[in-house]
């Protein structure tokens, strides 16, 4: 899966900065010929090796993934398409192997930044071959990502100890930044989908962090709906505070 993600990254890089053709999906979300080319390669390659596995991709209309079913691939050929089209290097190919609602292995290939994040459940998380860990006890001011409306729900004493960070166009990459300690924590607005989080969530978990909902539990993958309510990522007491704030956020889906 790592090599497939790497080659998909090479394919996407052929279009990066080259003004690829773009279409608007339902909801005005952009998709480019780079997304489709990388997606086609990933599907042919991964299912070519494991044809019995399920499949879910942002750019594939049909889904054969079920949480209680067999192992499945969940991919996003370019996570952060808007940034990709704007020339922002912070995008990635996300590929995950999922079973029983949980990720078994995940890869984030970030060719424009020269980074490969990967994890296997129970075996740790790695960046370019080096083991990574979250910052368990970060020192204030805390670097915090996410929508301002969510950040402002933190207790005043904690809010005063945080500093906002510039928007990262790829959610998967933002979660990876938490995994390597470049970002202490982040809120995730409602409607993140399985392909946005499947690989990054495992990388974060294996680095010692977590991605949690308002109930304090990690999201399940491969459910009937691929969409999720608001989430929070981080570790330790800072993550606890974010999760508590999620309970007050009115933007979560019912």
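Just so you know, all these numbers are worked out from the coordinates, no wet-lab data involved. Just so we're clear, the structure is a prediction, and the values are computed from it rather than from any experiment. Cβ sites come from the backbone with ideal geometry, for glycine too, and all protein chains shown count toward neighbours.
Which whole-angstrom value gives the distance between the alpha carbon centres of the range 31-49 and the range 175-212?
24
How tilted is helix 2-13 with respect to the longest principal axis of the chain? Cα atoms for both, answer in degrees (0 to 90, nearest 10).
80
Is the shape of the range 110-154 rounded, prolate or oblate, going by the alpha carbon gyration tensor and its root eigenvalues a ≥ b ≥ c, with a/c under 1.5 for rounded and a/b larger than b/c for prolate?
The shape class here is prolate.
Residue separation times 0.36 nm, minus the C-alpha to C-alpha distance between residue 166 and residue 33: what's the value?
Values: separation 133, 0.36 × 133 = 47.88 nm, distance 2.74 nm.
Here the segment from residue 166 to residue 33 would lengthen by 45.1 nm.
Kindly express, to the nearest 10 degrees and within the range 0 to 90, the angle between helix 194-206's C-alpha long axis and the longest C-alpha principal axis of the chain.
Approximately 60 degrees, to the nearest ten.
Arranged by the count of other C-beta atoms within 10 angstrom, fewest first, what order do 32, 57 take?
Neighbour counts put them in this order, fewest first: 32, 57.
Would the range 142-246 count as rounded, prolate or oblate if I go by the C-alpha gyration tensor, calling it rounded below 1.5 in a/c and otherwise prolate when a/b exceeds b/c, oblate otherwise?
Here the range 142-246 falls in the prolate category.
Which peptide among 200-211, 159-170, 5-16 comes first, and what is the full order, when sorted by highest mean count of other Cβ atoms within 10 Å?
Packing order, densest peptide first, comes out as 200-211, 5-16, 159-170.
I need the calculated FRET efficiency for the pair residue 86 and residue 13, taking r as the beta carbon distance and R₀ as 22 Å, to the nearest 0.05.
0.90
Tell me the label-point distance for the pair residue 248, residue 191, using the 7 Å Cα-to-Cβ offset, in nm and rounded to one decimal.
2.5
Rounded to the nearest 500 deg cm²/dmol, what is the calculated helix-only ellipticity per residue at 222 nm for the chain, with -39500 (n - 2.57) per DSSP H run of length n ≥ 4?
Helices in the chain give a 222 nm mean residue ellipticity of -8500 deg cm²/dmol.
Determine, for each peptide in 235-242, 36-43, the mean count of other beta carbons within 10 angstrom over its residues, then list the peptides with the highest first.
36-43, 235-242
Would you please put 70-80, 217-227 in order of how densely packed they are, using the mean number of other Cβ atoms within 10 angstrom per residue and starting with the highest? Mind showing how you got there, number by number?
Details: 70-80: 25.8, 217-227: 15.9.
Order by mean packing, descending: 70-80, 217-227.
Taking the 0 to 90 degree range and rounding to the nearest ten, how far is the long axis of helix 33-49 tilted relative to the main principal axis of the chain, both from C-alpha atoms?
80
For semi-axes √(5λ) of the Cα gyration tensor in Å, the choices are [x] 32, 21, 18; [y] 30, 23, 17; [z] 28, 19, 18; which was calculated from the structure?
Answer by label: [z].
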